[in-house]
1. For a quick check of understanding: with a 1.4 angstrom probe and all protein chains in place, what accessible area in square angstrom does Ser179 have, to the nearest ten?
2. Can you show me the helix-derived [θ] at 222 nm for the chain, built from DSSP H runs with n ≥ 4 at -39,500 (n - 2.57) apiece and divided by the number of residues, rounded to the nearest 500.
3. Got a sec? What order do Tyr71, Tyr168, Tyr122, Tyr147 fall in by accessible area at 1.4 Å, biggest, i.e. largest, first?
4. When all protein chains stay in place, what accessible area (Å², nearest 10, 1.4 Å probe) is found for Glu172?
5. Got a sec? What order do Glu96, Glu83 fall in by accessible area at 1.4 Å, biggest, i.e. largest, first?
6. Quick one: how many Å² of Lys130 are accessible to a 1.4 Å probe, rounded to 10?
7. Taking K and R as +1 and D and E as -1, what net charge do the other residues with C-beta under 12 Å from the C-beta of Ile107 add up to?
8. Charges at C-beta only: +1 for Lys and Arg, -1 for Asp and Glu. How large is the resulting dipole of the chain about its Cα centre, in Debye rounded to 20?
Amino acid sequence: MPFLLLLLLLLTAPAYTQVTLVREAPNDSFELACPTCVMRVSGLALTQGQHAVPMNTQKPVALNLLMWRYYDNILGKDALMAEEPFWTTGVQLLDELAESEILSLHINLVWSDSAGLAHRIYLVLAGFTKANLSRLPLTTVVDSDTYAPLRFAAVAQITLDDNDWETYDSIEGVATLESLNTKTGALSGAFEFTGNRIGMEKLGFFLGGTFRK
């Protein structure tokens, strides 16, 4: 009898360990260019190297090459600022890089929908060089290869209420940088992507996105 009980446990155990519950929900579409929607650029950064995921420019993990370095006479050392200093000579960090250096452009967006709810969308266009920036437009696509040239990635945080949101990570899509003035930070472009909701079997379709600053 003990042997039969042990055999029963061995035979039934895999059935329990292999069960995985995955939450599912209907797919959703987000019309980013609806008549009453507003898209605002909240942050912009150009970084050295190829970044796989977008960077929150409010919590940077890499140096923004759009910043300017100047000598601060009060501090007695070099300092950085976001805009070109008007009272002294400054050098933009981007100007010190070779034309062949690989770059990533991070664009942080705030999208307000037709109901007035604000959502955050983070984009990164990666795997291009300074030379590419002189020949715009520049088109990038989502690729599973982190180091693919002209690669696009996006993360969207969609607000549900004050204490709840859902996050989507891009699995396919395209983004085009139509213009960029590296001295002033002015830019324009367009994007669309399909995202997989993190933690749930659900797709989000982000359609008709544009950005301008």
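The values are calculated or read from the model by the stated rules, or taken from the named source; none is laboratory data. Source: prediction; values computed, not measured. Because the Cβ atoms are built from the backbone with ideal geometry, glycine has one as well, and the counts that use them run over all protein chains shown. Quick note on the areas: whole protein, heavy atoms, side chains included, nothing else; ligands and nucleic acids left out. Shrake-Rupley method; radii C 1.70, N 1.55, O 1.52, S 1.80 Å.
1. Probe radius 1.4 Å; accessible area of Ser179 about 50 Å².
2. For the chain, the value works out to -3000 deg cm²/dmol.
3. Ranked list, largest accessible area first: Tyr147, Tyr71, Tyr122, Tyr168.
4. 110
5. Details: Glu96 100, Glu83 135 Å².
My answer, sorted largest first, is Glu83, Glu96.
6. Lys130 has an accessible surface of roughly 30 Å² with all protein chains in place.
7. Working: positive: Arg40, Arg120, Arg212, Lys213; negative: none.
Once positives and negatives cancel, what remains is +4.
8. With only Lys, Arg, Asp and Glu charged at Cβ, the dipole is about 240 debye.
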